[in-house]
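The structure appears below as structure tokens.
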Amino acid sequence: MSLPAFDTQGTLFGSLASVGAALFAEGDRFKLFAEKIWPHLAAARPALAECYRADNGRPALEPVVMLGVAIFQFLERTPDRQTAELVKYHLGWKLALNLELGAKSFHPTSLVEFRSRLLKHDKARLAFEVILEALQGEGLVPRKGKQRLDSTHVLGLVSSMSKLESIRETMRLALIETSDQLPQERPDFWALFWERYVEHKLDYRSTDMVFKEKHQQAGADAQHLLRWVEGLPAAIQQGRQVGLLREVFGQYYVVSEQAVTPVKEHAAGVVMNPHDPEATWCAKGKAKAKKEWIGYKVQVAESLGPQRTQKSEPTHNFLTSVVTQAATESDDAGMEATLEAQAQMGLEKPTELLVDAGYISAGAIVEAQAHGCELVGPARPSPHAAGGTGADRFEVCVEERRAICPAGHQNTQCSRLEEKVSGKVSYRFEWSTHCRHCELRVKCVGKGQAHRTLVVGEHHTALQTRRNEQKTDEFARRMYDRNGIEGTQSEMVRAHGLRKARYRGKAKLDLQNQLIGAACNIKRWLKLAAWELRAAAAVFGSQTAFAS
């Protein structure tokens, strides 16, 4: 498609100018959107133009308008069909998007096509970047400041399947994909497999024994199909559904010389629905606090602006990045990806980064300090030895290779250990002579051990310092600022639909999350602008009354 004509210097309100003053007050969010947000979207047209052919094909819908519509979708939390209707009938939307009063709408599938273009040309983060850059220009987000970070889960747009349902559905998809590429002559087992997995479905009234047999049978059939595929052309072997079957079979079954046996317990990260294999199963926590989901994880970072002086004053905090992860990825990797994404958007590493215990490790604290960033968060308690005395009871100075045990004795030996594969360095402290007649031996030395040993990482001093700091009231006060990120995530879930994916696949979900982040920042910006207008009007009114 080619680009339509677009005049960035055109009349801001078009034919709505005559009714805008009467219908939209100064602090109205649609009018503020037109004044503050629209010029920045219009300035991003050269980047949007890269998604189109300049002079080939029929004229496309104006991409700047479509970008604004995509943002409004998550401001108002509307589906594609309702969004298209609002563009046609809602005067506020027309005003905000610089549309003529009689501007026609478009088919809802045009939004699908526009999102596909953004993904194809790696523009998923465009809306978020444009708004973040505008906020920096307004002085609302510093290039280097104080931030807080936390992660939350996102449910994939797939139904929850049992292991038997998932392997059978994967078999069905693989058979259909392979059938489209095979000649007329089929192998002997083809008719049986086709009848078993394509033409028939499970009878959910069956007994547990029948389900168990079908699970075993599906594994044997999958192995048979995969072995047969190995002799076919590369195009069939490398098919998307065949590759997925190979992956699911490896996750669901253990192959031995005797038989193919279903795995009893799955690890996190297995495919639970072949219609969105990137939405994986993950579990977090234990017992009653255990949380399970099929989907993804998202890291949300937020700047910390000046404190509010009045209760009615809106927040000065804005999102600085939204990073989409696989459900099983760690928070450590999420923090690294967050800082990298912020660097790509022109932000420097924050002076302080407030996080929870999931992000804190000795290495992370030291690495952050090396880059001029203070990583603030509680360290997890040290694991207890078999005797019950943890490392936090010892005074350790790795740099001097010295450690004092709870009984006040200094170590007799210290060894430096380095893993060949990872290069990880640790130190082992030993108290060989002091433990023989020590009164704390029963509580400190495990059964079967001659004396106490303690193994710590090379950055244990930093971890020990943090564990001491987090016991103070000052640290608790600093962590109070971190807790606000929970409210931000709640806002993104309730007001903008962060919790559940609208689309399948990680790339499409990331686009959704970027648009949610842009919508959240815009909403906060407009609320702040409206409050400042009201505050200025109140001051002006009081000054006028005083002068009179």
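Check the straight Cα-Cα distances from K104 and name the aspartates and glutamates below 13 Å, setting aside those fewer than 8 residues away within the same chain. Within the straight-line limit of under 13 Å, K104 reaches these aspartates and glutamates: E62, E85.
Restricting the range 332-405 to trypsin sites (Lys or Arg not before Pro) that sit in a DSSP loop and have at most 14 other Cβ atoms within 10 Å of their own Cβ leaves R401. Solvent-accessible surface of the range 273-351, averaged per residue with a 1.4 angstrom probe and all protein chains in place: 47 square angstrom. Taking a 20 Å limit on the Cα-Cα distance, which of the listed pairs K144/K527; K36/K94; K163/K288; K212/K264; K163/K212; K297/K500 fall beyond it? Over 20 Å Cα-Cα: K144/K527; K163/K288. Candidate membrane-span-like segments in the chain, meaning DSSP H helices with Cα atoms spread over at least 27 Å of their own axis and a Kyte-Doolittle mean of -1.0 or above, are 208-229, 506-547, with no membrane implied.
Annotation note: trypsin sites (Lys or Arg not before Pro) in the range 98-181 located in DSSP loop regions with a Cβ neighbour count of at most 13 within 10 Å are K104, R143, K144. Does the range 44-136 classify as rounded, prolate or oblate by the C-alpha gyration tensor (a ≥ b ≥ c root eigenvalues; a/c under 1.5 gives rounded; else a/b over b/c gives prolate, otherwise oblate)? In terms of gyration-tensor shape, oblate.
Calculate for the chain the 222 nm mean residue ellipticity that helices alone would give, adding -39,500 (n - 2.57) per DSSP H run of length 4 or more and normalising by residue count, nearest 500 deg cm²/dmol.
Per the formula, -13500 deg cm²/dmol.
Summary: within the chain, the longest segment free of chymotrypsin sites (Phe, Trp or Tyr not before Pro) located in DSSP loops with at most 13 other C-beta atoms within 10 Å is 205-548. What nm value, rounded to one decimal, do you get for the distance between R441 and K201 when each label is placed 7 Å out toward the C-beta? So the two model labels end up 7.0 nm from each other. For P(r) over Cα pairs in 20 Å bins from 0, in percent, the candidate list reads [x] 22, 56, 20, 2, 0; [y] 21, 50, 26, 2; [z] 17, 38, 33, 11, 1; the entry that matches the value derived from this model is [z].
Note on the range 399-444: with charges restricted to the Cβ of Lys and Arg (+1) and Asp and Glu (-1), its dipole about the Cα centre is near 120 debye.
When only the Cβ of Lys, Arg, Asp and Glu is charged (+1, +1, -1, -1), the dipole of the chain relative to its Cα centre reaches about 1200 debye.
Taken about its Cα centre, the range 78-185 carries a charge dipole of about 500 debye when Lys and Arg each add +1 at the Cβ and Asp and Glu each add -1 at the Cβ.
Atom-type composition of the exposed protein surface of the chain places 51 percent of the accessible area on carbon and sulfur (1.4 angstrom probe). Within the range 467-524, the trypsin sites (Lys or Arg not before Pro) that combine a DSSP coil assignment with at most 12 other C-beta atoms in a 10 angstrom radius are K471.
The values are calculated or read from the model by the stated rules, or taken from the named source; none is laboratory data. This one's a predicted model, so the numbers in the text were calculated from it and none came from an experiment. No Cβ is skipped: glycine too gets one built from the backbone with ideal geometry, and neighbour counts run over all protein chains shown. To get the accessible areas, we keep the full protein, side chains included, count just its heavy atoms, and leave off ligands, DNA and RNA. Shrake-Rupley method; radii C 1.70, N 1.55, O 1.52, S 1.80 Å.
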